[in-house]
Amino acid sequence: AEVGRHLVTRTHPQEPLGPFLTWIRDHLHEPLTLTRIAGHAHVSERSLVRKFREATGMSVLGWVNRERVNQAKVLLETTEHRVADIAVMVGFGSVETFRRHFERHVGATASAYRAKFR
């Protein structure tokens, strides 16, 4: 399958999984499990985990959470949506999970981050 091939070959030096990572980014707002992501890539979960770490240096779900935080940062900078709504919009299951990941990746609360852009 097309996506599975991207997991094996390094077709984009900057982003070895190019189209595959784009698919994940396009679906961040949805529940993304290893099973679903591996199914989309047409590989086993074990192969996905190994190949993804080799290509990115990160775990699959660690990368997903980082990308969700990145999307949240854009929404905090450019919209007036409530933090709780942004948490849902970017795919975190709860506000608490969102806050924990946001603070870990950014080093500030979502509210403090937003205040810097007002």
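The values are calculated or read from the model by the stated rules, or taken from the named source; none is laboratory data. Worth saying up front: this structure is predicted, and the values here are computed from it rather than measured. Cβ placement follows ideal geometry from the backbone for every residue including glycine, while neighbour counts extend to all protein chains displayed. Heavy atoms of the whole protein, side chains included, go into the accessibility calculation; ligands, DNA and RNA do not. Shrake-Rupley method; radii C 1.70, N 1.55, O 1.52, S 1.80 Å.
Quick notes on this one:
- Segment 97-118 residues that are of a type outside the set (Ser, Thr, Tyr), paired with ones that are open to solvent by 70 Å² or more (accessible area, probe 1.4 Å) (beta carbon under 7 Å, 6 or more apart): 105/66; 110/99; 117/77
- Test for residue 36: is it within 15 Å of the chain's Cα centre (by Cα), at pLDDT 95 or above and either surrounded by fewer than 17 Cβ atoms within 10 Å (Cβ to Cβ) or not in a loop (DSSP other than H, G, I, E, B) (or both): yes
- Criterion: open to solvent by 60 Å² or more (accessible area, probe 1.4 Å), under 27 Å from residue 17 (Cα atoms) and of a type in the set (D, E, K, R) - qualifying residue of 104, 68: 104
- The set of residues from segment 41-65 being farther than 12 Å from residue 24 by Cβ, at pLDDT 95 or above and crowded, with 17+ Cβ neighbours inside 10 Å comprises just one member, 49.
- Candidates in segment 1-33 are the residues that are loosely packed, with under 15 Cβ neighbours inside 10 Å and among the acidic types (Asp, Glu); of these, the one that is modelled with the lowest pLDDT is 2.
- Residues in segment 63-100 that are assigned to a helix (DSSP H, G or I) and within 11 Å of the chain's Cα centre (by Cα): 63, 64, 65, 66, 67, 68, 69, 70, 71, 72.
- Residue match in segment 56-70 (condition: in contact (Cβ under 8 Å) with a residue 12 or more places away in the chain and either in contact with an Asp or Glu (Cβ under 7 Å, 6 or more places away or on another chain) or of a type in the set (Gly, Ala, Ser) (or both)): no
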